[in-house]
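I have placed the structure first, in the form of structure tokens, so that the comments after it can refer back to it.
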Amino acid sequence: MMTKKTEENIFKVLMVLSTSIIICGFLLIMGSVLIKGLPTLSIEMLTEVPQGGYYFGKGGGILNAIVGSLYLSLGATFLAFIVALPVSLFMNVYLINKNKLLNVIRYLLDLLWGVPSIVYGAFGFIIMVYFGLRTSLLAGIITVALFVIPIMIRAMDEVFKTVPRGLIEVAFSLGSTKSETAFKVFFKQVIPSVVTAVLLSFGRAIGDAASILFTTGYTDSIPTSLLEPTATLPLAVFFQLSSPIPEVQNRAYASALVLILIILIISLLARIISNKNNLKKFNIKNAVNKRFIYYKNIRNNYNLSYKKRRKSQQ
Amino acid sequence: MKATETEIKINNLNVFHGNHHTLKNINIEIPKQKITVILGSSGCGKTTLLKCLNRLTDLYSNIKVNGEIIINGEDILHSKEDITNIRRKMGLLSQMPYPLPMNIYNNIAYGLKISGRKKKKYLNKRVEYYLKQINLWEEVKDRLKDPASSLSLGQQQRLCLARGLTVDPNIILADEPTSALDPVSSNAIEELFLNLKQHYTTVLVTHTLRQAKRIADYVVFMYLGEIIEQGPADEFFNNPKMEKTKSYLRGTSN
Ligand SMILES: Nc1ncnc2c1ncn2[C@@H]1O[C@H](COP(=O)(O)OP(=O)(O)O)[C@@H](O)[C@H]1O
Ligand SMILES: [Mg+2]
């Protein structure tokens, strides 16, 4: 017979074990990237484009990939934003009385979220071929935007869903149209979560390699127009790591380190903003709880007297 | 004294939530510029009835509303008129204050702005006017730029009442507006209703009998989606006819 105590202990061990696996994994990844990348990381790497023979260990840096990645993910995030914001507002204000349709839309978006990014890459490639586009910053931006849009919509939607119905009803009861409700009231309430969703999506956009594999190409110069190909950090890691030369391989780790740092900064920002948001939410929640308790007391008193009444009736 | 006119006439109103028959054959004539109190225990359909009046029921899926609600000779449930205009004739005060996510000034100015009033000078004057009407001006005149959520709950609820008045309604709909407030704030709200009653038709939902007794002119008593009894307040409280009403009045008053 297993006692409560052994059961408890087994679960405790399991929990400690799985937690340590996660932490160890994280430390191992960070550690190996740091050990191999940090010594190679230099001002030169951050501020110069590859010179001739860079991929055989000669001088230069990955500025082309850093700038390219920033261009690409800024462009894609912007493009995704101007699609995702209206869609999520539309879902939560215009479709407020269409529960079934909303469920279908959310399900589809979750499916799209789950589609591997290489599929978006392949899709982007088909479109490029169809329109006779060459590998370019623009093609990459469009592909990554497609990949990020469902993520951004659902990230916004999850928070928009929590806006109290009472607020929406109040806006409508004042005679607001749907667009006034959406943009003048609803949007003001959710601005912090919009910022968070955008930053999270930016993190996804800059880190993804598969969706840009066929679409952006790769070049040693910094792109000067949307129609030029561009280097990106994930692909810089990929190409340099494929080299047989150890120095170049180390540069791959240095590039990975740069990428990780950018993502770290972005998610830290997102964290800070959403914490501020949480803080506010927490206060609101507290206030609501207080109200709720007050209300519950009234209700309880009322129910008590109601029960008394019922008893006296019988 | 002239006989009371009817502001809202509800004919054979039936509401279904899915298969649940929430409101059954509701017929009420709500008198003009009086306080009509809808009384009943929770879950009996009071909120649903109120939401039918300004068609907030449009915002729910899975709800069916049948019957007529006649205001100014027009059935608002089947009207061709723009729903925003219909809603503007009614100010809504909900159970909890939901200030708009903006500052105190703009909470009042919002209704004016969406009605097309944009002149700063006019807005300033009107904001002051409405805040005075709900006795909030002295308390907030130095902090109009603060977020409305920084006010106390009672102040917020008064602000919400004023906000509802800015679109110049004839009717005030209030859904248990004092249930979340402390007694002092509750009294302030009740007093406001009594003051406003000469200009507005008020429909007030409550489940506190004492409140109903204090301010009702006309009472509608509901039980499980049906109207058990309705009539002028004096008659309803002093001379109830139905057995259910009598036991309800007995139960809560002892
Ligand atoms: N959105 C909804 N979906 C399903 N049922 C609902 C909904 N809103 C209200 N109801 C049902 O309608 C009945 C009346 O609710 P309500 O009008 O909120 O009562 P009250 O305001 O008197 O407490 C309740 O039994 C509730 O279950
Ligand atoms: Mg209710």
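The values are calculated or read from the model by the stated rules, or taken from the named source; none is laboratory data. Just so we're clear, the structure is a prediction, and the values are computed from it rather than from any experiment. Because the Cβ atoms are built from the backbone with ideal geometry, glycine has one as well, and the counts that use them run over all protein chains shown. Please note that ligands, DNA and RNA were not included when accessible areas were found on the heavy atoms of the full protein model with its side chains. Shrake-Rupley method; radii C 1.70, N 1.55, O 1.52, S 1.80 Å.
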Margin query: Tell me the total accessible area that A and B bury against each other, 1.4 angstrom probe, in square angstrom rounded to 100.
Written below: 3400
Check: What accessible area per residue, rounded to a whole number of Å², is obtained for the protein assembly as shown using a probe radius of 1.4 Å?
Finding: 50
Margin query: Suppose the chain between B:Lys121 and B:Thr4 were pulled fully straight at 0.36 nm per residue; how much longer would it get relative to their current alpha carbon spacing?
Written below: 38.2 nm
Checklist line | For chain A: relative contact order, % (alpha-carbon pairs under 8 angstrom, 6 or more apart) | finding: 25
Notebook entry, point to check: When the chain is fully extended, how far beyond the present Cα-Cα distance does A:Leu264 get from A:Thr224, taking 0.36 nm per residue of separation?
Noted result: 11.7 nm
Note to self: What translational diffusion coefficient, to the nearest whole µm²/s, does the protein assembly as shown have by Stokes-Einstein, given a Kirkwood radius computed over alpha-carbon pairs, a temperature of 25 °C and 0.890 mPa s viscosity?
What the structure shows: 87
Check: Mind checking the mean number of beta-carbon atoms from other chains within 10 Å of the Cβ atoms in A:164-172?
Finding: 6
Notebook entry, point to check: Per the 1.4 Å probe, what fraction of the accessible area of the protein assembly as shown, in percent, lies on carbon and sulfur atoms?
Noted result: 62
Notebook entry, point to check: What number, in percent, do you get for the relative contact order of chain B if the mean sequence gap of Cα pairs under 8 Å and at least 6 apart is divided by its residue count?
Noted result: 27
Next item on the list: Give me a single rounded figure for B:100-111: the average over its residues of other chain Cβ atoms within 10 Å of their Cβ.
Entry: 3
Checklist line | ³J(HN,Hα) computed for each position of the range B:4-18 - Karplus, 6.51 cos²θ - 1.76 cosθ + 1.60, integer Hz, glycine/proline x | finding: 5, 7, 9, 8, 10, 10, 9, 10, 6, 7, 10, 10, 10, 9, x
Note to self: Once each part is reduced to its C-alpha centroid, what is the distance from the range B:20-64 to the range A:188-219 in angstrom?
What the structure shows: 47
Next item on the list: Give me the orientation-averaged projected area of the Cα convex hull of the range B:6-250, in nm², one decimal.
Entry: 13.4
Note to self: Placing one identical point scatterer on every Cα of chain A and ignoring solvent, what is log10 I(q)/I(0) from the Debye formula at q = 0.14, 0.16 Å⁻¹?
What the structure shows: -1.14, -1.28
Checklist line | Entries of B:Lys120/B:Lys145; B:Lys24/B:Lys64; A:Lys178/B:Lys32; A:Lys178/B:Lys9; A:Lys178/B:Lys197; A:Lys178/B:Lys51 with Cα pairs more than 19 Å apart | finding: A:Lys178/B:Lys32; A:Lys178/B:Lys9; A:Lys178/B:Lys197
Note to self: Cut-off under 13 Å on the C-alpha distance; same-chain residues fewer than 8 positions from B:Lys34 excluded. Which aspartates and glutamates are left, in chain and number order?
What the structure shows: B:Glu5, B:Glu7, B:Asp217
Note to self: Show me, for the range B:173-181, the HN-Hα J-couplings you get by feeding each phi into the Karplus relation (A = 6.51, B = -1.76, C = 1.60, θ = phi - 60°), rounded to Hz, glycine and proline as x.
What the structure shows: 9, 9, 10, 6, x, 10, 5, 9, 9
Margin query: Please compute the average number of Cβ atoms from other chains found within 10 Å of each residue's Cβ in peptide A:114-122.
Written below: 0
Notebook entry, point to check: For the range A:84-90, what does the Karplus curve 6.51 cos²θ - 1.76 cosθ + 1.60, with θ = phi - 60°, yield as ³J(HN,Hα) per residue in whole Hz, taken in order and with x for Gly and Pro?
Noted result: 5, 4, x, 5, 5, 5, 4
Margin query: Given points 7 Å out from each Cα along the Cα-Cβ axis, report the B:Asn66 to A:Phe11 separation in nanometres with one decimal.
Written below: 5.2
Checklist line | Helix-derived mean residue ellipticity, 222 nm - over the protein assembly as shown, DSSP H n ≥ 4, -39500 (n - 2.57), to 500 | finding: -19000 deg cm²/dmol
Next item on the list: Taking 7 Å along the Cα-to-C-beta vector as the label spot, tell me the B:Lys80-A:Ile191 distance in nanometres, rounded to one decimal.
Entry: 4.2
Notebook entry, point to check: What is the packing order of peptides A:149-160, A:51-62, taking the mean over residues of other C-beta atoms within 10 Å and listing the highest first?
Noted result: A:149-160, A:51-62
